[in-house]
Amino acid sequence: MRKVYFLLPGTDGKFACGGLWAELKALNLVQQFCSADVVTYRQREKGKLFIDDLLKEKNLSDVIFIISWGFDVAQLVAKLKQYNVVYHAHSAGYPFRLPASIPIITVSRYTMGYWGEKSPNSLIYYLPNQISEEFQNLALERDIDVLVQARKSSEYLIKELIPALQKRCKVLVVDSYIEDLPGLFNRAKVYLYDSAEYWAQQGVSEGFGLQPMEALACGCQVFSSVNGGLADYLDPGFNCYKIAGYSQEYDVQRILKVIDSSVAFSLTEEFLAEYRAENIIKRFQVILDELNEFFDHKVQQRSNIKSLTRIRVAKLLAQRIYGKLRKKYFK
């Protein structure tokens, strides 16, 4: 099996975000069954490989580069076009196209569907993000009524809904890094998440949405938007509630009803099993086995399936219209 390198711009606080943590978790899981490491490409870091140094090696045919940082993908694809590259897609909507020579691993079925349309000739796989074992329901007393993380939250949430709730219950708004997020989720009765507005401004979409899943795993009731990858696992009325539902007053009414309810909420381990390490490691092994076979094949065979370009789509549409007209008028 080829050695796997996860390409990241850097790993320090400057690049801290959900995508970085998810990628580092994926690295840790891969390291349990094959050789894998981090390679940085924007900044040099002590004890880590740097891409320009690595590319000086003559033979890298026994290496797989996994790229994931959406805004850097186009540049990295050009830089690594002669090597074995895999795109680990966390989000959808970035303005680049990928050749069929680059397989795609998606973190949600939503993202898989997006790339299934965008790159129909690429190998595409589904590998959900990991929900660590530390995210579980500890059955503690919940002293926080409503928990909100300010980052990615909508203007409606911050400026309208939260002020209305603060008059009626105990609300905690967090706007900095949380050291013990599982502990905080276990203290909260309700977690609010509304990212649709944030991702609309970014021009890309929510690829997975870790926090609502992590909150659910800790037994916290979730009011959330269901945009993008959130729709993979959120099921309003059954395991969550849709936030921003018609009116602020209706949101407040529903949230207070959940806070006052004596019924405890808990996801089953069967539901969470798909996102736990054991399942992801098994899936990753299958995917990497297939990728190794594919990269062996790529050496011997050029891609020969016609790409679904805009020009080809227009040509196919013209052919279809012509076929209909010919059938109608030239029988």
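The values are calculated or read from the model by the stated rules, or taken from the named source; none is laboratory data. Note that this is a predicted model, so its numbers are computed, not measured. A quick note on method: Cβ atoms are made from the backbone with ideal geometry, for glycine too, and the neighbour counts reach across all protein chains shown. Ligands, DNA and RNA are excluded from the accessible area calculation, which covers all protein heavy atoms including side chains. Shrake-Rupley method; radii C 1.70, N 1.55, O 1.52, S 1.80 Å.
Tabulated values for the structure
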{"read-out": "Residue in the stretch 155-168 that is farther than 30 Å from ILE305 by Cβ, hydroxyl-bearing (Ser, Thr, Tyr) and under 18 Å from the mean Cα position of the chain (by Cα) present", "value": "no"}
{"read-out": "Filter pass, LEU157 being open to solvent by less than 20 Å² (accessible area, probe 1.4 Å) and outside any helix (DSSP H, G or I)", "value": "no"}
{"read-out": "Within the stretch 238-267, tally of residues that are more than 17 Å from ALA217 (Cα to Cα) and open to solvent by 60 Å² or more (accessible area, probe 1.4 Å)", "value": "8"}
{"read-out": "Subset tally (residues that are at pLDDT 95 or above and among the charged types (D, E, K, R)) for the stretch 3-22", "value": "1"}
{"read-out": "Verdict on GLN43 being within 17 Å of LEU24 (Cβ to Cβ), more than 19 Å from the chain's Cα centre (by Cα), of a type outside the set (D, E, K, R) and assigned to a loop (DSSP other than H, G, I, E, B)", "value": "yes"}
{"read-out": "Filter result (open to solvent by 10 Å² or more (accessible area, probe 1.4 Å) and not acidic (Asp, Glu)) within the stretch 194-204", "value": "ALA196, TYR198, TRP199, ALA200, GLN201, GLN202, GLY203, VAL204"}
{"read-out": "Options LEU80, LEU76, LEU8; residue that is open to solvent by less than 30 Å² (accessible area, probe 1.4 Å), over 29 Å from ARG276 (Cα atoms), of a type in the set (A, V, I, L, M) and within 20 Å of the chain's Cα centre (by Cα)", "value": "LEU76"}
{"read-out": "Answer from LYS118, LYS152 - the residue that is touching a residue at least 40 places away in the same chain (Cβ under 8 Å) and open to solvent by 10 Å² or more (accessible area, probe 1.4 Å)", "value": "LYS152"}
{"read-out": "Some residue of the stretch 47-68 being at pLDDT below 95, surrounded by fewer than 19 Cβ atoms within 10 Å (Cβ to Cβ), closer than 24 Å to GLN201 by Cβ and out of contact with any Lys or Arg (no Cβ under 9 Å at 6 or more places or on another chain)", "value": "no"}
{"read-out": "Helices (runs of 4 or more DSSP H) contained entirely in the stretch 240-331, each with at least 2 residues that are over 30 Å from GLU134 (Cβ atoms)", "value": "248-260, 277-300, 310-329"}
{"read-out": "Qualifying residue in the stretch 293-302 (condition: surrounded by 17 or more Cβ atoms within 10 Å (Cβ to Cβ) and in contact (Cβ under 8 Å) with a residue 24 or more places away in the chain)", "value": "yes"}
{"read-out": "Unmet requirement for ASP235, which otherwise passes all of (1) buried (at least 19 other Cβ atoms within 10 Å of the Cβ); (2) within 20 Å of GLN136 (Cα to Cα)", "value": "(1)"}
{"read-out": "Enumeration of residues in the stretch 205-231 that are open to solvent by 20 Å² or more (accessible area, probe 1.4 Å) and either free of Cβ contacts under 8 Å to residues at least 24 places away in the same chain or out of contact with any helix residue (DSSP H, G or I) (no Cβ under 7 Å at 6 or more places or on another chain) (or both)", "value": "GLN211, VAL226"}
{"read-out": "Residue in the stretch 92-115 that is farthest from LEU288 (Cα to Cα), counting only those that are open to solvent by 10 Å² or more (accessible area, probe 1.4 Å) and within 12 Å of the chain's Cα centre (by Cα)", "value": "TYR110"}
{"read-out": "Verdict on LEU29 being over 19 Å from the mean Cα position of the chain (by Cα) and assigned to a helix (DSSP H, G or I)", "value": "no"}
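Conditions (1) aliphatic (A, V, I, L, M); (2) touching a residue at least 60 places away in the same chain (Cβ under 8 Å), marked per residue:
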{"position": "GLN43", "(1), (2)": "no, no"}
{"position": "PHE50", "(1), (2)": "no, no"}
{"position": "LEU55", "(1), (2)": "yes, no"}
{"position": "VAL63", "(1), (2)": "yes, yes"}
{"position": "SER68", "(1), (2)": "no, yes"}
{"position": "VAL73", "(1), (2)": "yes, no"}
{"position": "ARG97", "(1), (2)": "no, no"}
